[in-house]
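The values are calculated or read from the model by the stated rules, or taken from the named source; none is laboratory data. All values reported here derive from a predicted model rather than from experimental measurement. When we count neighbours, we look across all protein chains shown, and the Cβ atoms used for this are built from the backbone with ideal geometry, even at glycine. The area values use the complete protein model at the heavy-atom level, side chains included, leaving out ligands, DNA and RNA. Shrake-Rupley method; radii C 1.70, N 1.55, O 1.52, S 1.80 Å.
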Amino acid sequence: MNDEQLTEQELELLDEDGEQQQLYEHIRLDVDAGQVPLRVDKYMMEHLRHATRNRIQKAADAGFVHVNDRPVKSNYKVRPGDVITLMLDRPHYDTTIEPEDIPLDVVYEDDQLMVINKPAGLVVHPGVGNFHGTLVNAIAWHLRGLPTYDPNDPSVGLVHRIDKDTSGLLVVAKTPEAKTKLGVQFFNHDTHRSYNALVWGHFTEDEGRIEGNIGRDPRDRQRMAVFPAGGDVGKTAVTHWRVIERFGYTTLVECRLETGRTHQIRAHMKHIGHPLFCDERYGGTEILRGERSLTYKAFIQNCFKLCPRQVLHARTLGFVHPTTGQQMDFTSDWPDDMGAVIDKWRRYIGGRETP
C-alpha cells in the first residue's frame, strides 16, 4: 500500500471541531492482508506524510477518522482488510498552485531569492476560502519563465509569512539551497525583523520585553492566545518593543521578533493590555481608551475608515545572503492607509484636529 500525503489545508482541517454533520472523504487507506493489529492513530501516522499523532488523535476525537464507514477512536486496532478513511467537513479541493497575473512590489531580486513588499489584504498562501488570488499565485506568475521554479514544490518559495491584513516585507527562495539556508537563519533567530504597530493605550516605559507561549485559543480557533512561558501549552514566543511616538490614547511602537509565531505581535500586545488599533479579531475595533464624547467616537470611526485593518507593517528585514554571505537589509515605507491614520493621530495630539 502506498503512503498518502496530506496537503497543508487538510492538516489545518484536522484541527477543526467536527461539528458539521456533512463529511467528505479526503484520504483512503486499505489495510494489507498481513497487517498485525495496530492502533489506528499509529498506523495513520506511519502512512500519512506530514501528519502528527496528536493531530490524528484530535481528528479521531472529532469523528473524522472512520474504519469501514464507522467513526472510531484513536485506540482502535486496525486489522487486515480494514478500510480507513479520513473524513473532513469540507470537500476535497485541488490545491495545485497556478500562476495568476497579480501585481507584485519586488524590492530586490537575484538568481537565488526575491524580497517582496506585500500589500495589506493579500492572502499569502492558498487555504480554506482563499484558493486563488494569493501572493503565492502571484509569485508563480512572476517566476513562470524560470524552469527550475515549481510553485508546488515545498523546497522553494516563501521562507516565512505574514497575516493577510498585515503589510510589509517577505523573502522568497528560488532554489532549494537558498530556502534551506534562509530557513536555518529563521529557525535560529539569526534574521533581523521589525514591525511598526499602532496600539491602544499609553506606555509609561520606553521599551520592554514580552515572553509567553503562543497557541490556539480554545475559545476561538481563529485566534491565538498567550500561555505561561515554559509551559506545555503553545510554543515559546518573545517580542521586544519600544515606543516610537505617543498619541495619548494610542502609541506607535516598534516590535522586534525573537521568534516568529502565528499572530505573535497581535496576541502578545493584547496580552499586555495594548491590542493593535483596528484589529477586529483581538478586540482592537472597540474604543478602548479616550473620551466618551460623540465627537471623539466619530474621530475614532474616521480613523478606522482610513485604515480598516490592524495597523501593523513588517518594516525591516535582514538576513545573510545564502550564497554570497553578504548581509542584506531592507526597509519598507508605511503604506498610505497606515500613514494616513498615524498622521491623523498626530494632528489630534497637536491640537490641530478636534476629536
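Please state the shape class of region 307-355: rounded when a/c is under 1.5, otherwise prolate if a/b exceeds b/c and oblate if not, all from the C-alpha gyration tensor. Judged from the Cα gyration tensor, region 307-355 comes out prolate (a/c at least 1.5, a/b above b/c).
Provide the net charge surrounding ALA173, with neighbours chosen by a C-beta distance below 14 Å and charges set as Lys +1, Arg +1, Asp -1, Glu -1. Display every interim value, and only then the final one.
Working: positive: ARG161, LYS174, LYS179, LYS181; negative: GLU109, ASP110, ASP111, ASP150, ASP153, GLU177.
Local charge sum for ALA173: -2.
Across all directions, the average projected area of the convex hull around the alpha carbons of region 135-266 is 10.0 nm².
Only helices enter this figure: runs of n ≥ 4 DSSP H residues, each worth -39500 (n - 2.57), summed and divided by the residues of the chain, yield -6500 deg cm²/dmol at 222 nm to the nearest 500. Ranking GLY283, MET269, VAL341 by how far each Cα lies toward the positive end of the dipole of region 216-355 (charges on Cβ) leaves GLY283 at the top. Compare TYR149, TYR76, TYR195 in a GNM of the chain, Cα atoms joined below 10 Å, and give the one with the largest fluctuation. Ranking TYR149, TYR76, TYR195 by mean-square fluctuation puts TYR76 first. Pairs of Lys residues in region 52-188 are counted when their Cα atoms are under 29 angstrom apart and they lie 8 or more places apart or on different chains; the count is 10. Measure out, as a whole number of angstrom, how far apart the alpha-carbon centroids of region 206-274 and region 304-322 sit. Taking the Cα centre of each part, region 206-274 and region 304-322 sit 16 Å apart.
Considering only HIS202, VAL67, ASN152, the residue lying farthest towards the positive end of the dipole of the chain is HIS202, judged by Cα position with unit charges set on Cβ.
In debye, nearest 20: dipole of region 192-256 around its Cα centre with unit charges on the Cβ of K, R (+) and D, E (-)?
Working: 10 positive and 9 negative charges, 62 e Å.
Computed about the Cα centre, the dipole is about 300 debye.
Using all C-alpha to C-alpha distances in the chain, build P(r) with 10 Å bins and read off the rounded percent in each one. Per 10 Å bin, starting at zero, the Cα-Cα P(r) for the chain comes out as 5, 21, 27, 25, 15, 6, 2, 0, 0 percent. The solvent-accessible area of CYS307, taken with every protein chain present and a 1.4 Å probe, is close to 0 Å².
Residues whose amide H lies under 5 Å from that of TYR108, counting only those 5 or more places away or on a different chain, are VAL115; hydrogens are built 1.01 Å from N in the peptide plane.
Taking the chain as a Gaussian network of alpha-carbon nodes connected by springs under 10 Å, the highest mean-square fluctuation of the residues GLY260, GLY325, GLY230 belongs to GLY325.
Net charge near TRP334: determine it from the other residues with C-beta under 15 Å of the C-beta of TRP334, scoring Lys and Arg +1 and Asp and Glu -1. It would help to have the intermediate numbers written out before the result.
On the way: positive: LYS118, ARG309, ARG315, LYS344, ARG346; negative: ASP105, ASP165, GLU245, GLU254, ASP333, ASP336, ASP337, ASP343.
The answer is -3.
In region 127-177, the C-alpha radius of gyration followed by the widest Cα-Cα span (Dmax) gives 11.4, 32 angstrom.
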